[in-house]
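Here's the structure we're looking at; comments come further down.
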Amino acid sequence: MITQIQTARISALLPFTLVKEIKKTSVEKNITQSSIIKNALEFWFQKKLAKDADDLSKLNFNDLPSENDWTFLI
């Protein structure tokens with residue numbers, strides 16, 4: 001199965017010190033600046049998804065009405 005990844009071009013104003021570090025890392029590791037940003041955003045997104053999943057797992061649904069109570073509400 002071949003999955004197709006959709007991408008979009010964005011424009012961002014980044015602090016100069018961050019841009020310098022990205023350029024430096026790009027030269028040192030011989031990778032594109034966009035791949036550095038892409039990898040950082042993917043890492044951030046995975047961490048956010050994990051945190052959101054953890055937050056959802058802590059929700060308590062014991063205060064919801066029973067099935068019988070729902071029938072009376074409708």
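Based on what the data block shows, is I2 surrounded by fewer than 10 Cβ atoms within 10 Å (Cβ to Cβ), of a type outside the set (D, E, K, R), part of a loop (DSSP other than H, G, I, E, B) and more than 19 Å from the chain's Cα centre (by Cα)?
Numbers: surrounded by fewer than 10 Cβ atoms within 10 Å (Cβ to Cβ): yes; of a type outside the set (D, E, K, R): yes; part of a loop (DSSP other than H, G, I, E, B): yes; more than 19 Å from the chain's Cα centre (by Cα): yes.
Yes.
Okay, residues lined up against (1) surrounded by 10 or more Cβ atoms within 10 Å (Cβ to Cβ); (2) at pLDDT below 95; (3) touching a Cys at 6+ places or on another chain (Cβ under 7 Å):
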site	(1), (2), (3)
N30	no, no, no
Q46	yes, no, no
A50	yes, no, no
K58	no, yes, no
F61	no, yes, no
L64	no, yes, no
N68	no, yes, no
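The values are calculated or read from the model by the stated rules, or taken from the named source; none is laboratory data. Keep in mind the model is a prediction, meaning the values are calculated, not measured. Glycine gets a Cβ as well: all are built from the backbone with ideal geometry, and neighbour counts include every protein chain shown.
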